[in-house]
Amino acid sequence: MVETHAAAREAILAFIAGRNPGLAPGAVTGSTSLVTSDALDSIGVLDLMMELGDRFGFEIEEDAFALAHFESVDALAAFVEAKRVRAQP
């Protein structure tokens, strides 16, 4: 499952970089808070979660938007990994 975590982390970082082309390389890391940084606005969070759900094959439910999942890029990647494990048959 390490592959899922790493893939989710890279997908999140790529999404943020795509939304913020002016960000300096390395400005957002695994420990960057998605709550307190300006990496994503509320629409960006929604779009990111939809993309992650589509890419990693899980449904976006109410629990997806718990504040704890957005404490860092790595926390969100761990959430995606856990959702993918539960979604697999």
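Some values worked out for this structure:
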item	result
Per-region count, the stretch 54-89, residues open to solvent by less than 80 Å² (accessible area, probe 1.4 Å), touching a residue at least 24 places away in the same chain (Cβ under 8 Å) and in a helix (DSSP H, G or I)	13
Residue check, residue 4 modelled with pLDDT under 95, of a type in the set (S, T, N, Q) and surrounded by 13 or more Cβ atoms within 10 Å (Cβ to Cβ)	yes
Qualifying residue in the stretch 12-34 (condition: surrounded by 14 or more Cβ atoms within 10 Å (Cβ to Cβ) and closer than 22 Å to residue 88 by Cβ)	yes
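The values are calculated or read from the model by the stated rules, or taken from the named source; none is laboratory data. Source: prediction; values computed, not measured. A quick note on method: Cβ atoms are made from the backbone with ideal geometry, for glycine too, and the neighbour counts reach across all protein chains shown. Accessible surface areas use protein heavy atoms only, side chains included; no ligands, DNA or RNA. Shrake-Rupley method; radii C 1.70, N 1.55, O 1.52, S 1.80 Å.
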